[in-house]
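Report on one structure; see the data block that follows.
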Amino acid sequence: MMKILDPQMPAGCETCVSVGYFDGVHLGHRAVIGTAVRCAKRHGRTSAVLTFDMRAARAGKKGAADLLPMDDRIRQIEDLGVGLLAVLDFASIRGMSGEQFVDEILVRQLSAKAVFCGHDFRFARGGSCGVEELRALCAPRGIRVRVVRDVSDINGAVSTTRIKSLVQEGRMDAAAALLGRRYGFLLPVLRGKGLAHRLGFPTINQRFPEGIVLPRFGVYRTHIELDGRTYAGVTNVGVRPTVAHAD
């Protein structure tokens, strides 16, 4: 059973923790999370994901955009079979020292016995600590740290930066290959003017969440899940100059 914590662990529960921002939950992120899940099964522990909510910390800042909204990120992580999810408000921990982060979060609140991360994981005030500092702080506390290798293809390591660039270029098949799934969101349907319905081919309207990387404007072949059914569709991303002034 997934639990979304802030975080609070049941007494006596030991964890194997995968830690990172995990924006996009792409193939590289899945490798980190999957390694922690397998470790937990081997040792009879709980697999946990520790991730961060950056929305408050980024409020009003330009150029900060994610691949997935938080709700979609949580759903993607849940599908990976982890036992527990801890989402930390980054603004509330950004001033912690490395030692405070390890003692307060990993030891006291998560009862971690093993921690898994990517090679570029940073933590503590100003991102001052990396994996070597994490190892040095965790070792005397009885926590094993493992850095999981990057997942790579012929163009290099799978990364959020690469995927963002592909999405912005409109190369959605290439982005899907690195994500391990089709690019998309779970979004509410908005009421429009009903023009397409009057023309005989009703459409649905959706608005991209704020703070999300936008695909290149254009028309895309899509799959739509609506009321439990999947439909083939055509989706326009961007402006609609033909009907912008229609009544």
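Read-outs: derived from the displayed coordinates by stated rules, not from any lab. This structure is a prediction, so every number in the text was calculated from the model and none was measured. We place every Cβ from the backbone using ideal geometry, glycine too, and count neighbours over all the protein chains shown.
Around the amide H of Leu88, modelled in the peptide plane, lie the amide H atoms of Thr51, Phe52, Asp53, all under 5 Å away and 5 or more residues distant in sequence or on another chain. Derived scalar couplings between HN and Hα for the range 97-109 equal 6, x, 5, 4, 4, 5, 5, 6, 8, 6, 7, 6, 8 Hz in order, rounded to whole Hz, by the Karplus curve 6.51 cos²θ - 1.76 cosθ + 1.60 (θ = phi - 60°), x for Gly and Pro. Ranked by the mean number of other Cβ atoms within 10 Å of their residues, highest first, the peptides 218-225, 17-24 fall in the order 17-24, 218-225. Take the chain, connect every pair of alpha-carbon atoms lying under 10 Å apart with a spring to form a Gaussian network, then pick out the residue of Asp89, Asp150, Asp120 with the largest mean-square fluctuation. The residue with the greatest mean-square fluctuation here is Asp120. Protection proxy ranking, highest mean first, for peptides 134-146, 72-84: 72-84, 134-146, where packing is the per-residue count of other beta-carbon atoms within 10 Å, averaged.
Looking only at the chain, where both bridge partners belong to it, what percent of the DSSP beta bridges are antiparallel (to the nearest 5)? The antiparallel proportion sits near 35 percent. Using every pair of distinct Cα positions in the range 52-160, the Kirkwood expression returns a hydrodynamic radius of 15.7 angstrom. Once Rg/Rh (Cα atoms, Kirkwood Rh) is calculated for the structure shown, the corresponding label among [x] 1.03; [y] 0.95; [z] 1.13 turns out to be [x]. Between Ile212 and Asp66, the built amide H atoms are under 5 Å apart, and every one of these is 5 or more places off in sequence or on another chain.
Other residues within the sphere of radius under 12 Å centred on the Cβ of Arg221, judged by their own Cβ, net out at 0 (K and R +1, D and E -1). Under 5 Å between amide hydrogens, built in the peptide plane, is the criterion, and for Gly24 it picks out Leu67, Leu68 among residues at least 5 positions away or on other chains.
In terms of packing, defined here as the mean over residues of other Cβ atoms within 10 angstrom, the peptides 105-115, 122-132 line up highest first as 105-115, 122-132. Per-residue ellipticity at 222 nm, computed for the chain from helices alone with -39500 (n - 2.57) per DSSP H run of at least four residues, works out to -7000 deg cm²/dmol.
Residue by residue, the range 145-159 carries 3J(HN,Hα) couplings of 10, 10, 8, 7, 4, 4, 8, 10, 10, 5, 9, x, 5, 5, 8 Hz when phi is fed to the Karplus relation 6.51 cos²θ - 1.76 cosθ + 1.60 (θ = phi - 60°); x denotes Gly or Pro.
Highest GNM mean-square fluctuation among Ile212, Ile204, Ile93, for the chain modelled with Cα contacts below 10 Å: Ile204. Taken one residue at a time, the phi angles of the range 82-96 give Karplus couplings (6.51, -1.76, 1.60, θ = phi - 60°) of 6, x, 8, 10, 10, 10, 9, 5, 4, 4, 7, 10, 4, x, 5 Hz. Gly and Pro are set to x.
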